[in-house]
Amino acid sequence: MKILFFTGKGGVGKSTMAAAAAWQLSQKSRVLIISLDPAHNLGDIFGVDLKDKKSCYTNTLYLKEIDLQKLSKEYLQREINVLSSTYKYLQTLNLDNYFSVLKYSPGIEEYALLTSIERTINNETDFDYIIFDTPPTGLTLRFLALPRITITWIDRLVQIRQKVLEKRYTIHRIRGTLSSEETLLDYKEEDDDILKTLWKLSDNYQALTKILQGENCSVILVFNPDILSLKESQRLIEGLNNLNLPLRLLIDNKVTEENIEMVDHVEGNMRKMVKDVPVNRVYFSKALLDCKDGKLYDIQEDITSNLL
Amino acid sequence: MNFSVFGFFRRFFSRFHDLNRENVVALTIVEEQELENIFTLLLLGSFVGLPSPPTFLAVELLPFMEREIKILNRRAEDAGDMLAEMCGTIGID
């Protein structure tokens, strides 16, 4: 199974290119395309109404739009349930519902996104390709960086926690039979809930990082021949390099005869940053502009030859 | 009642022994609680304006942190009189 991420500045045609690639790949293999962008237009490109459910477009092509708000809510609900069961006694006073305020926590969206990617990769194993159409640069880099940042934090926290347990063990050994608060505390690593949770999270993230940096994952960068798009793409390439994510294809979208000079300039600059990544040009198509029946994914150029 | 001199001394010395063990362990307890305090502070530091780890990490561990949060609270209360705290720790009355 191969995983493709289409990234780029807002409005360069990421979704269209992702849809085109999905359509072209689906002629020979089974493809699932998922839009992670909060402002979805995957459904519009294929001319269908998608409602957070995987829907079948052809026998080999499935579409899905992720509802970020719903995901965040689901995730927090799970956490609130754990809290509520720990503090069950509050139910007698009818105070347990106050935990629901947690659903307004910031920073949950990126995590929810990442969880949904992880779940998709683990569950949808019968597809040959999973294509992710990502949100604009900022959010994409943030959620792609999340596993690494989290692993660093978890490592530090695990170290401190192990020290705590070591001390508890010492106290337990010296005090022995004396009953006190400290001697009753867990001192074995396998009994400590906090350490167990940290380890579980660390394993998850390490597995995810391995998949994202692996052979079967590709990041495709879509850009337009203009200066703004070039600058943002350069930042994105730097970000991807820092995260060790594999950039495998550049797509220069909306190329016309009039702006061919700019096309060469922008591509030249990109080439300086990434030497051995192929560039595909996609010409600006007037047919797409006039297209009223919504077959926006059907482009002339073959953009999948470098992705097989 | 059966009074045995031997039993009396045994109890006497075992109490003595316990006291010694208490003295030895007191500093380790302070150290252990301080470590737990640091752990909580790192995880929930956004309360006092420290840069915090990804929010969900705190959310994920929050259900198991009752004791740690209590310690954090107690430390915050004691922080007003650090000199007394230190004297207490090293045993100056």
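Coordinate-derived values only; no laboratory data. Everything numeric here is computed off the predicted structure, so don't read it as measured data. Don't worry about glycine lacking a Cβ; one is built from the backbone with ideal geometry, like all the others, and counts go over all protein chains shown.
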10 Å Cβ neighbours from other chains, averaged over peptide A:160-168: 5
Charge sum, other residues only, whose C-beta stays under 13 Å from A:TYR62's C-beta, Lys/Arg counted +1 and Asp/Glu -1: 0
Sequence of A:TRP199, A:TRP153, A:TRP23 once ranked by neighbouring C-beta atoms within 10 Å, starting from the fewest: A:TRP199, A:TRP153, A:TRP23
Farthest toward positive dipole pole in the protein assembly as shown [+1 Lys/Arg, -1 Asp/Glu at C-beta], among B:VAL5, A:VAL274, A:LEU71: B:VAL5
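Tell me, what are the semi-axes, in whole angstrom and largest first, of the equivalent ellipsoid of the stretch B:5-90 as set by the roots of 5 times the Cα gyration tensor eigenvalues?
38, 16, 9
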Most fluctuating residue given options B:THR40, B:THR55, B:THR28, as computed from a GNM of chain B linking Cα atoms under 10 Å: B:THR55
Relative contact order of chain A, defined on C-alpha pairs under 8 angstrom at six or more residues apart (%): 26
Fraction in percent of alpha-carbon pairs per bin - 20 Å, the protein assembly as shown: 22, 41, 24, 10, 3, 0
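Give the calculated FRET efficiency between B:ILE69 and A:GLU215 to the nearest 0.05, with a Förster radius of 30 Å applied to their Cβ-Cβ distance.
Efficiency computed from Cβ-Cβ geometry: 0.10.
Which pairs, out of A:LYS2/A:LYS196; A:LYS54/A:LYS196; A:LYS64/A:LYS210; A:LYS9/A:LYS200; A:LYS28/A:LYS64; A:LYS2/A:LYS51, put more than 28 Å between their alpha-carbon atoms?
The answer is A:LYS2/A:LYS196; A:LYS54/A:LYS196; A:LYS9/A:LYS200.
Taking square-rooted eigenvalues a ≥ b ≥ c of the alpha carbon gyration tensor, is the stretch A:240-301 rounded, prolate or oblate, where a/c under 1.5 means rounded and, failing that, a/b exceeding b/c means prolate?
It is oblate, given that a/c is not under 1.5 and a/b is not larger than b/c.
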Helix-only [θ]222 nm of chain A, DSSP H runs n ≥ 4, -39500 (n - 2.57) each, per residue, nearest 500: -16000 deg cm²/dmol
Calculated P(r) tail over 17 Å for the stretch A:129-266, as whole % of Cα pairs: 70
Inter-probe distance in nm under a simple model that places probes 7 Å from Cα toward Cβ, at A:GLN300 and A:TRP199: 6.0
Exposure proxy order (Cβ contacts within 10 Å, fewest to most) of A:ARG175, B:ARG11, B:ARG21: B:ARG11, B:ARG21, A:ARG175
Helix axis angle, B:5-43 relative to chain B longest principal axis, alpha carbon, degrees: 10
Furthest towards positive pole of dipole, A:ASN244, A:LEU198, A:LEU50, structure part chain A, Cβ charges: A:LEU198
Neighbour-count ranking [beta-carbon atoms within 10 angstrom, fewest first] of A:LYS28, A:LYS14, A:LYS272: A:LYS272, A:LYS28, A:LYS14
Net charge dipole size for chain A [Lys, Arg +1 and Asp, Glu -1 on Cβ; Debye, nearest 20]: 700
Antiparallel DSSP beta bridges within the protein assembly as shown, percent to nearest 5: 10
